[in-house]
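The values are calculated or read from the model by the stated rules, or taken from the named source; none is laboratory data. Everything numeric here is computed off the predicted structure, so don't read it as measured data. We place every Cβ from the backbone using ideal geometry, glycine too, and count neighbours over all the protein chains shown. For accessibility, only protein heavy atoms count, side chains too; no ligands or nucleic acids. Shrake-Rupley method; radii C 1.70, N 1.55, O 1.52, S 1.80 Å.
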Amino acid sequence: MRIIQTIIIFLISINCFCQNSNKKTYYYYQNNEIDKTVFESIDNRKYYTRKIENDSSIIKNIYNHKNIGILDSIKLKQITMFLTKIIGPEFNQEKKTMIHLYRKNNKNIYKDSKYKRYWKWIKNNSDRYQSFLIGTKDSQIEPNKQKHIHFDNYDLLEKLFFQSSQFKINHLLIKPDGEIYIYFGLDDILNVLDWSVD
């Protein structure tokens with residue numbers, strides 16, 4: 001009886017392996033098809049991959065961690081009014097604003113509020129930059145203005161900029177002229193800052 005069970009398990013695993021090997025893999029960059037060589041040559045530090053698999057194929061899609069956009073004057077005014085509402089008078093719309101947005105039950109916000117090198121750089125460049133750590137509705141964070149921790153109980157930032165993101169932390173740099181840098185993922189806020197400074 002044991003031999004029959006072993007043979008059946010062996011045949012099932014071979015069958016499963018053979019099905020996987022017959023799947024065709026498709027490669028995409030920002031939803032445009034590319035070949036496997038280009039896909040494998042892309043720097044993983046600047047991009048992230050999403051994989052979708054079904055019975056007949058595997059789709060691997062690469063996306064930029066950093067995306068650049070521009071807000072028109074009306075949207076910029078709305079965002080600055082919203083940030084003034086949740087942050088208060090310490091928000092200055094004349095400075096470049098770095099926002100780190102934390103989703104779900106993400107305790108990294110407290111660790112990041114104590115990141116000495118990060119906050120030292122912000123303080124030394126406070127004439128040009130300001131930074132805030134903001135939790136979404138489901139982040140379960142406690143606001144603390146002294147530690148730059150705030151709460152977006154409307155989830156407006158997530159809905160406007162990060163609705164398609166699957167990461168627990170996302171980042172946004174807003175310049176006074178309306179240019180924005182949107183970052184998906186990336187856990188180290190100092191690296192995000194380094195990538196944003198011009």
* Give the distance, in whole Å, between the Cα centre of region 46-92 and the Cα centre of region 118-139. => 17 Å
* Structure fact -> In a Gaussian network model of the chain with springs linking alpha carbons closer than 10 Å, the residue among K175, K23, K46 that fluctuates most is K23
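Gain in length, M81 to Y110, computed as 0.36 nm per residue apart minus the alpha-carbon separation, to one decimal in nm?
Details: separation 29, 0.36 × 29 = 10.44 nm, distance 2.57 nm.
Extra length available between M81 and Y110 comes to 7.9 nm.
Could you calculate the FRET efficiency of Q93 with Q146 from 1/(1 + (r/R0)^6), where r is the beta carbon distance between them and R0 is 22 Å, rounded to 0.05?
Working: r = 21 Å, r/R0 = 0.98.
Here the calculated transfer efficiency is 0.55.
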* Asked: Where both partners of a DSSP beta bridge lie in region 62-167, what percent of those bridges are antiparallel, to the nearest 5?
  -> 10 percent
* **Residue-count net charge about H100 - beta-carbon cut-off 13 Å; Lys, Arg +1, Asp, Glu -1** => -1
* Do any trypsin sites (Lys or Arg not before Pro) in region 99-167 lie in a loop, going by DSSP, with at most 13 other beta-carbon atoms within 10 Å of their beta carbon, and if so which? -> K104, K107, K114, R128
* How would D187, D152, D55 line up by accessible area, probe 1.4 Å, largest first? -> D55, D187, D152
* Asked: Of the residues L71, L133, L157, which exhibits the maximal mean-square fluctuation in a Gaussian network model of the chain defined by a 10 Å Cα contact cut-off?
  -> L71
* To do: Could you work out the longest stretch of the chain that avoids the GluC sites (Glu not before Pro) located in DSSP loops with at most 13 other Cβ atoms within 10 Å?
  => 95-198
* Asked: Between K168 and V197, what is the spin-label point distance in nm, taking each point 7 Å from the Cα along the Cα→C-beta axis?
  -> 2.8 nm
* Structure fact -> Using alpha carbon positions and the Kirkwood radius, the Rg to Rh ratio of region 79-135 is 0.97
* Structure fact -> So N125 and I68, fully extended at 0.36 nm per residue minus their Cα-Cα distance, gain in nm 18.3 nm
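Compute the length gained on full extension between I42 and N22: take 0.36 nm times their separation in residues and subtract their Cα-Cα distance, giving the result in nm to one decimal. Let's see the in-between values first.
Numbers: separation 20, 0.36 × 20 = 7.20 nm, distance 2.53 nm.
Here the answer is 4.7 nm.
Could you pull out every whole DSSP H run in the chain that spans at least 24 Å of Cα extent along its own axis and averages -0.5 or higher on the Kyte-Doolittle scale?
Working: long enough: 2-21 (29 Å, 1.26).
Long hydrophobic helices here: 2-21.
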